[in-house]
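The values are calculated or read from the model by the stated rules, or taken from the named source; none is laboratory data. Only a predicted model underlies this, so the values are computations on that prediction, with no experimental measurement involved. With ideal geometry, Cβ positions are generated from the backbone for all residues, glycine too; neighbour counts draw on all protein chains shown.
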Amino acid sequence: MRRERIDNAWQPWRWSLADIVPAEAGFGSQPRLLLKDDREERWLHPGFLVELFTDDAEGYYLNVTTQQPCFWVVWRMEEEATIADAPVALPQTVTVSYHDAGRWLDAQETVEQVPAPPGVVQWIQDFVDVHYVVEAKRRQRPQSFKPLTDRFGNPARVSTDKKTGGGGRG
């Protein structure tokens, strides 16, 4: 995560997702400060696992078929400063599912994305090739055959007879 200084009287700092890096044994398991100067801070948050599930194969398919497949990260500000002298942005989860990202965005979570490297995209594509089955589209019944109802579900009628309303000219 990256904390950068911005020129704003109301909010002098802004948090954003900097990158996702493959796990290494030397990272440990706790968040740690990697860089700090008067313009920015960079934090490493190790321990996130990206798993693929067969019931979300369509979400992965939608990701790998975009122009820029990516990772999505949900993050929140910690409630109280526990790992630093000020609250830190804490990643909550990481996914490559288009559906997961959409649900989190609908729930008004903070969700950011970074491009997935080619090796990860190929891993997702291999999974999609095995587990995603395109559902056959069903023929939609023409709208003219549906009964006409009002907004409460009661039968409705449309007339083409012109009726003049109210007060006319006298």
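Between LEU17, LEU52, LEU44, LEU33, the distinction of being touching an Asp or Glu at 6+ places or on another chain (Cβ under 6 Å), of a type in the set (A, V, I, L, M) and surrounded by 13 or more Cβ atoms within 10 Å (Cβ to Cβ) belongs to LEU17 only.
Of note, ALA89 satisfies the criterion of being out of contact with any Leu (no Cβ under 6 Å at 6 or more places or on another chain), among the small types (Gly, Ala, Ser) and closer than 27 Å to LEU105 by Cα.
Checked against the criterion of being among the aliphatic types (A, V, I, L, M) and under 22 Å from TRP15 (Cα atoms), the candidates VAL50, VAL94, VAL64 yield just one match: VAL94.
Out of ARG42, ARG14, which single residue is without any contact (Cβ under 8 Å) to a residue 40 or more places away in the chain and assigned to a strand (DSSP E or B)? After applying the criteria, what remains is ARG14. Scanning region 67-98 for residues that are touching a residue at least 24 places away in the same chain (Cβ under 8 Å), loosely packed, with under 15 Cβ neighbours inside 10 Å and farther than 23 Å from GLN30 by Cα turns up just one, GLN68.
For region 84-103, the criterion of a residue being aromatic (Phe, Trp, Tyr) and within 23 Å of ALA23 (Cβ to Cβ) is satisfied by no position.
For region 55-66, filtered to residues that are in contact (Cβ under 8 Å) with a residue 40 or more places away in the chain and either of a type in the set (Ser, Thr, Tyr) or touching a strand residue (DSSP E or B) at 6+ places or on another chain (Cβ under 6 Å) (or both), the residue that is surrounded by the most Cβ atoms within 10 Å (Cβ to Cβ) is TYR60. Taken together, TRP43, TRP123, TRP104 contain a single residue that is out of contact with any helix residue (DSSP H, G or I) (no Cβ under 6 Å at 6 or more places or on another chain), within 20 Å of ARG5 (Cα to Cα) and modelled with pLDDT of 95 or more, which is TRP43. Among the residues of region 116-123, are any assigned to a strand (DSSP E or B), in contact with a strand residue (DSSP E or B) (Cβ under 7 Å, 6 or more places away or on another chain), surrounded by 11 or more Cβ atoms within 10 Å (Cβ to Cβ) and of a type outside the set (Ser, Thr, Tyr)? The answer is no, given that none of the residues of region 116-123 is assigned to a strand (DSSP E or B), in contact with a strand residue (DSSP E or B) (Cβ under 7 Å, 6 or more places away or on another chain), surrounded by 11 or more Cβ atoms within 10 Å (Cβ to Cβ) and of a type outside the set (Ser, Thr, Tyr). Across region 45-68, which residue is farthest from GLN122 (Cα to Cα) among those that are outside any helix (DSSP H, G or I) and in contact with a Pro (Cβ under 7 Å, 6 or more places away or on another chain)? Looking at the filtered set, the residue picked out is HIS45.
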